[in-house]
Amino acid sequence: MRNIFLFFILIFCTTMSKAQSNIQYKEVGRSIVFTNASGEKLRLTPYGNQIIRVQKVRKNEDFFSDNQYEMVETHQWPGKFNVEDQLNSFSISTEEKKSIVVQVSKTTLQLSFWADKNSAPFLSDQEGIRWNGDTISTSFVHDPNEHFTGMGHGYYGREESIDLKDKIVLRNYGTQHGQQAPLIVPFYLSSKGYGVFLNSTFTNQFNFGKNGLYNFSIQGDGRMDYFVLLGPDFSTMLNLYTQLTGRPRLPLKAFFGLGLSDKVNDEHSSDPSDENWWKRKITEHRNAGFPLDHIINDNRWRAGGGQRCVSYFAWDSTRYPNPKEYADWVKKNGLILTIDFNRCIAEKSEGWKPSYNIKDNKGIDFNLSAPDFTKKEVREWFWTLMWKKSLDPAIGYPGDALWIDEFDEFGEAPDTMRFDNGTTWKEMKNYWFFLISKSLVQEGWDPYFHGTKRPFVWVRGMTAGAQRYATLWSGDIQSTYEDMKTQVRSLQLAGLSGFPFWGHDAGGFQKSGSNDNPNDLLYRQWSMAFGSFTTFWKPHGVGQSRWPLDRSLVVQEDAKKYCDLRYRMMPYIYTYAHQANETGMPVARAMVIDYPKDSIAWKSDLQYLWGKELLVAPNCSDSDNVAVWLPKGDWYDFWNDDKIVGDKIISYPAPTGKLPLFVKAGSIIPMANFALSTAMIQSDSLTIHLYPGKDATFTLYEDDGISEAYKLKNEKRTTVIKFNQSAFSLNIAAANGDYKNAPNERAYKIIIHGISKPLNFEVNGVSIKTNLSSEKNIESKESAYWDSVNKLITIYIPKTAVTKDVLVRREM
């Protein structure tokens, strides 16, 4: 009887619970909208199986339309919800096995998110979404063991840690003059295997555990709108995030070469730059053995004075009397060229109208040059100016990239400043860099070039989603070791936030009270060593010249070492650049990406992985030693092949100019022969460095390096290279795909590291005896030699059709 009584009680309670629920829901398209008794509406929308969008509004409010902002690239995603009506909640999931499960409380509309129904929730509302005046916030249950990262970076990229645990973080446009280069990305990743993207441009604040609180908020007449992404690994979350907001645009291959500017050689210099200066400087530089890809023009190319604000956007006819001839010289010498635009020259440049200016723009420096990018005609003027004055191939002038400067200097503008489209600065400030990038690429570069040349635009500041158009650099940073440390972290944070092609002024831009910056020690440590292991290598700034040839002989030796390594590593770097474009996985990877469960990884933010095979730990001091955490496994010292057992912190000897650099055992590193430009690298030969210890695979990626035919026409090539440790064999598979000017044949040099005794090999079944001499063999036929001093075996394979496999294996 007692069991029957309990049964009826349970039925009664269940019925009453459902009957008393004031929550109603209905399906609207692929979304489900819940409404409570107060008239609040909660909308959940699937974006595939691993992303759920959460939106909530008050009574008599409407959800913003999907095109209110364009940080999300497209809202046309698949997905259909199943709703299960449970005792106290609605359980929502998609039809796929790997799907986020959401529980919606029947009484409070509070949410909890689950990776599956059999585990604990990874994210649960504490109080849910609330309104307080003009602030909208949402809070979650705090887990004191949870770590967070991402979120772009603050002004100048000055970050003290990539671990945001216990911190309050704001990612907003500045409010004062001089708050340069914010990377405004309200997206974070959790050590618990999920990510969150806040889809709002209003002023934000995030609390990642300070005082035991976990919440975020926006301030203004906005709407709470966020996406929850389920990993559980960081690579999956980055892939999902860049699917949602857009893939990072792959730059020209030359972007990954060395870039140098004429900053020091301005109107105050005894040797001011002009066309002849560039030709002489580049020729001397290359004759001395230094490579160069990227000419970075800083004001002097412009007509009307060639100064920051005393000029206009056009080639100066005195300093550059024949831009077409100069453009031919640039191309012939395998170079690309950037032209710059400072905001203060807008009013002086062709086609500008006073009506283009933002109205009531008090507080803005150079407020007669404050374009209103919410106006279509202003965006058209901006792009057309650059097209007509330099970029149009029909006029044959130099110009391959755009450097957009000082649009981060609206900080003191009032929030009430109104734009032509009816919005205010309060809503638009965090969106500003997106509009600039969109005007130049989506509405300009793409429809004008039709994929024949990749866009390369860099702006001082960026917004989430704009990675599909442009990139950024971190502004006028100081030439100090403290700022160097912050740039090591910001490089990683940018990669964790969808901007893998981030840049900075390697060596610092300036040093307060000094004209001697960066000194030779800092130049060697930062401009050359660390700089050469960033995606956008750009030593630039005031003070001393950043050109290696202008430095002492000791400095030049280091410069040559890192220039040589950078250009030889181009096949490796470019492969990972393509992967960044295709999946969002950065080239420079924070340790937490590969080792999120290692607590020490969250502390080791002055080192990073370069690709997945190399570990870089820049020396951010004058000390001769660097503490390096080597994760579990075996590692090779890149410089001498010493083997080190990992899972520990080591004190690594790193005198000035020596970059701590390590290779994972079980790695394949493809390299090219050194060249003075990426355009001069011979693609019909390839050096493959093999670091044995485990099985390894590397998929080499190639394309024409200039156009977007790789995605528009599928003109690209991949070559899978595999090493089998037990058989001690290396297989170079037949190339897959083709592109313009791709080689039909290729010679290979295979260098096997860490070999303590000579071994004999066979190539495609033909035995080759290893020469015990360290003298180089003739490379016209298969041959090998053993370097007994450096413990290397080098195998030469003459040119072979890329359509054929090559198998190299140890003779048993």
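The values are calculated or read from the model by the stated rules, or taken from the named source; none is laboratory data. Model, not experiment: these values are computed from the prediction. Counting neighbours? That spans all protein chains shown, and the Cβs are built from the backbone with ideal geometry, glycine included. With ligands, DNA and RNA removed, areas are computed over all heavy atoms of the protein, side chains included. Shrake-Rupley method; radii C 1.70, N 1.55, O 1.52, S 1.80 Å.
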Accessible heavy-atom area order of K713, K281, K561, highest first, probe of 1.4 Å:
K713, K561, K281
Within segment 250-305, report the GluC sites (Glu not before Pro) that DSSP leaves as loop and that have at most 13 other Cβ atoms within 10 Å.
E267
Could you pull out the trypsin sites (Lys or Arg not before Pro) across segment 42-99 that fall in loop regions by DSSP (anything but H, G, I, E, B) with no more than 14 other Cβ atoms inside 10 Å?
R58, K59, K80, K97, K98
Calculate the tail of P(r) for segment 215-362: the fraction of all Cα-Cα distances greater than 28 Å, expressed in %.
47
How big is the equivalent ellipsoid of segment 472-616 along its three axes, where each semi-axis is √(5λ) from the Cα gyration tensor, reported in whole Å from largest to smallest?
26, 17, 13
Restricting things to alpha carbons, find the Rg to Rh ratio for segment 593-722 using the Kirkwood radius for Rh.
1.03
With every atom except the alpha carbons ignored, what do you get for Rg and Dmax of segment 56-143, in angstroms?
15.1, 41
Can you flag which of K561/K757; K263/K740; K664/K757; K263/K561; K41/K98 are past 32 Å Cα-Cα?
K263/K740
Output for segment 288-390: trypsin sites (Lys or Arg not before Pro) sitting in coil per DSSP, at most 14 other Cβ within 10 Å, listed by number, reads K359, K362
According to the square roots a ≥ b ≥ c of the eigenvalues of the Cα gyration tensor, what is the shape class of segment 645-735, taking rounded for a/c under 1.5, prolate for a/b larger than b/c otherwise, and oblate for the remainder?
oblate
Over all directions, how big on average is the projection of the convex hull of the alpha-carbon atoms in segment 102-191, in square nanometres?
7.8
Kindly sort H75, H268 by accessible area of their heavy atoms, largest first, with the probe set to 1.4 Å.
H268, H75
Taking Rh as the Kirkwood radius, which is the inverse of the mean 1/r over Cα pairs, what is the Rg/Rh value for segment 178-235?
1.00
Count the net charge of all other residues whose Cβ sits under 10 Å from the Cβ of G657, scoring Lys and Arg as +1 and Asp and Glu as -1.
0
At q = 0.17 Å⁻¹, what log₁₀ I(q)/I(0) does a Debye calculation on the Cα points of segment 717-812 give, no solvent, two decimals?
-0.75
Given a 1.4 Å probe, how much area per residue of the chain is accessible, in Å²?
38
Between N322 and T108, what is the label-to-label distance in nm when each label sits 7 Å out along the Cα-to-Cβ direction?
7.7
Surrounding charge for I752, neighbours by C-beta under 13 angstrom, Lys/Arg +1, Asp/Glu -1, total +3
Accessible area of K485 in the full protein assembly, 1.4 Å probe (Å², nearest 10)
60
Quick one: grab Rg to one decimal and Dmax as a whole number for segment 685-728, Cα atoms only, in Å.
14.4, 41
Computed on Cα atoms only, the convex hull of segment 172-276 has an orientation-averaged projected area in nm² of 12.0
Please name whichever of I218, S235, F208 sits farthest to the positive end of the charge dipole of segment 189-340, dipole taken about the Cα centre and charges placed at Cβ: Lys and Arg +1, Asp and Glu -1.
S235
For q = 0.18, 0.20, 0.21 Å⁻¹, what log10 I(q)/I(0) does segment 298-435 give under the Debye formula with an equal point scatterer on each alpha carbon and no solvent?
-1.00, -1.16, -1.25
Placing unit charges on C-beta atoms (Lys and Arg positive, Asp and Glu negative, everything else neutral), compute the dipole magnitude of segment 462-585 about its Cα centre in debye, rounded to 20.
220
What length, rounded to one decimal in nm, is gained on full extension from D641 through to L807, with 0.36 nm per residue of separation minus their alpha-carbon distance?
57.3 nm
What length, rounded to one decimal in nm, is gained on full extension from D415 through to N67, with 0.36 nm per residue of separation minus their alpha-carbon distance?
123.0 nm
Based on Cβ point charges of +1 for Lys and Arg and -1 for Asp and Glu, what charge dipole magnitude is obtained for the chain about its Cα centre, in debye rounded to the nearest 20?
1420
In debye to the nearest 20, the charge dipole size for segment 707-791, taken about the Cα centre with +1 at each Lys and Arg Cβ and -1 at each Asp and Glu Cβ, equals 200
In nm, spacing of pseudo-spin labels at N60 and V28 (7 Å Cα→C-beta vector):
1.8
With every atom except the alpha carbons ignored, what do you get for Rg and Dmax of segment 375-486, in angstroms?
15.9, 47
So the carbon and sulfur contribution to the accessible area of the chain, 1.4 Å probe, in percent, is 48
Give, as a single signed number, the net charge of other residues whose beta carbon lies under 10 Å from the beta carbon of V310, with Lys and Arg counted +1 and Asp and Glu -1.
+2
Taking the Cα centre of each part, how many Å lie between segment 780-812 and segment 146-161?
46
Dipole of the chain, positive direction: furthest Cα of N60, S38, N731, with charges on the beta-carbon:
N731
Probe radius 1.4 Å, ligands and nucleic acids left out: which of L792, L630 has the largest accessible area, and how do the rest follow?
L792, L630
